[in-house]
Each structure stands twice: as structure tokens, then as C-alpha cells.
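Q: One structure coming up, written as C-alpha cells, with questions to follow.
Quick note: the coordinates plus some simple rules give every number you see, no bench work behind them. Treat the numbers as computed from the prediction; the structure is a model and nothing was measured. Every residue, glycine among them, receives a Cβ derived from its backbone with ideal geometry; neighbour counts consider all protein chains shown.
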């Protein structure tokens, strides 16, 4: 099992550590609900250094990114990022990712920890143009400093005007006394803030200075359990739960990052999915009664006929109701549709809603 550069720090803080994607990671410190609300109301810091980073460089970098990414990298300018996924050859998703344009001929692809080796092999396989590829995953750390007070709390650590960095934009600048740090206005919580990319040798200094700077703003360390409840309240897909190698992006509602303005891996089959439609769709639902839907629970209609399976579910800390996502036939995917969740021996009613669950 791998450690991040901050494992000893988490253990000293009393974090509950668990294996996750091959890493020893903090799942919680004080408790999920407290940490969740800290991010919604103030500012919290996640160590997400288990994520993977691939640097694609050189005169063929753009062509490789365009080939493997569902999104259109020609829309990126230096200092901008975009959400995308890696399509596979069978109509599914290798992984979802963020693409950063670092320089005119350099892109950073940030991928999920559990998929680093698979993604690297997939991109390498399609690198027929021989773009320069470097896997930086073991050398770089990533902190997510998230919450509505993140800008104010972190401003003293950098000469960059943090309030001027727009969503899905970034700066490469000094941060917490470290040069050439990527300060990115991205994150998976829906409460604003930044993601900070730096070398492993630099991350402890950045972590310490971030907590000093945020002391008056209620800053706290946040574990992966709260990261999961925060992302679910926004309806963000989690790879391995809501999307995988067998999921069509058109089932998962990812048509908005599927751009047929260029050719990419398996674009012909995905265009067919778009034009002909798919047999199931990812829905979001709220429980009509007090109950917690869990991943793997069956989704049924009023006649107890099987519709699908819950892919993600929890008791929403922000709203105090059970929420979840799962796949059902398109006829049941319209907001307002009534479904039922099989929870042990009881069939509990739920209502399909339009995302996000959490509205500020």
C-alpha cells in the first residue's frame, strides 16, 4: 500500500486511515457530518495526492490529447482546464479526467488514482504520433482547499488575486513560499475553492501554511468520506460507482463533454449512442420517507418490477434526506417520476429530481 507525502501528518492529527485505490488515506478526522459542513460553510483541506498526473508535451501533444479525450482541447487556452473522459473502444469510459493547458505544447491530464496504470496504458496505446508522455503521479501531491471562505483564507499566501481566477481556470505562481505551484479553481465539492498541485517535497510546507492562514476562517482537515457526500450532493459521478468501462457517456449524462468537432477514440459508436438513444439513463432521486439508499440497492417500479441499481447513495448532511443516483429505463428518468428503492424487506418510495441535490 502506498502512502502520500502527508500520511504521517494525517496520523498525527488522529485521522482514521483506510485503504483506498492502493493508498493509505484519511477517511475522516472529527466525523463526516462535521467535515462536510465545514466545507459547505467555511473552508476545508483534502489530501488527494493519490490522484494521477500525466504530462503530455511536444509538437504532437495537442494531437494526442484530441485523440484520447472526449472534449475539444482546441477550446483551451493557456491557463484553462476542462472536464472530459477517456472513451474506450467498446462504447464505455476508461476514466474521467481534467485536462489543463499548461503551455502551447503542454497538457496535464489529471486522472483517478485507481485507474493510473490502466489510463497510462490506454493513452500510450493511442500515442501513434509519439507525443512526449511523462507519468508524474508518484512525484506530485494535490491538495483540495475547498469552501466559500477559501479565497479569503488563502489570499495571504500568494501574490495572485485568487478572486480573479475563474472556475476551471488556473495560475502557475508562488503559493505558501513555493514557486511554480498550480493554483486551480477546480474541485469536486460544489462549494468553490482551489486545487493545489506541487511536488511531494513541498506539500507539507503548503499544508502547514494553509492551516496557519486559515486559522481565523474555521479551516479543518477533511477526509474522503466527506468528499464523497459533498460530490454526491452535487450529482458528480464517481468512477467505479456511477461510471465505468461498461457505461456509455450518453447513459451517464456526459454528452455535454462529448464533442464531435474532431475525431477521437471510438467517436463513431458514441455518435450512434447520441443519435439512436440509449436503453438506460443515470437519474438522481430523493427519498420520500426517512431512509438511506445505499449503492447496490435495487430500484423498482410501483409493481415491484426491477428498473436498475443504486450506484451512489447517502443521507445528505446538508439537507437531512436520503439521496442517490442510479440507472433506470429512460421512461423513468424524467424529474418528478416516482420510483421505489428496495431497502431490506421494505419498498421505499422516492422521486426523481433534477441535479444538483444541494442548491446554495
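Q: Which residue is surrounded by the most Cβ atoms within 10 Å (Cβ to Cβ), if the candidates are limited to the stretch 273-312 and must be out of contact with any strand residue (DSSP E or B) (no Cβ under 8 Å at 6 or more places or on another chain) and within 12 Å of residue 339 (Cβ to Cβ)?
A: That would be 305.
Q: Then there is this: Can you tell me which residue in the stretch 6-25 is nearest to residue 117 (Cα to Cα), limited to those that are surrounded by 15 or more Cβ atoms within 10 Å (Cβ to Cβ) and within 21 Å of the chain's Cα centre (by Cα)?
A: Residue satisfying both the conditions and the ranking: 21.
Q: Does residue 168 fit the bill of being surrounded by fewer than 18 Cβ atoms within 10 Å (Cβ to Cβ) and touching a strand residue (DSSP E or B) at 6+ places or on another chain (Cβ under 6 Å)?
A: Yes.
Q: So which of 43, 68 ends up being in contact with a helix residue (DSSP H, G or I) (Cβ under 6 Å, 6 or more places away or on another chain), closer than 24 Å to residue 248 by Cβ and buried (at least 20 other Cβ atoms within 10 Å of the Cβ)?
A: 68
Q: Ok, one more. Anything in the stretch 270-286 that is in contact (Cβ under 8 Å) with a residue 24 or more places away in the chain and more than 25 Å from the chain's Cα centre (by Cα)? List them, or say none.
A: Result: 277, 279.
Q: Test of understanding: among 92, 79, which residue is in contact (Cβ under 8 Å) with a residue 60 or more places away in the chain and on the phi > 0 side of the Ramachandran plot? Can you show your working first?
A: Details: 92 fails: on the phi > 0 side of the Ramachandran plot.
Exactly one residue qualifies, and that residue is 79.
Q: As an exercise: evaluate residue 182 against (1) in contact (Cβ under 8 Å) with a residue 24 or more places away in the chain; (2) assigned to a loop (DSSP other than H, G, I, E, B) and give the number of the one condition it does not meet.
A: (2)
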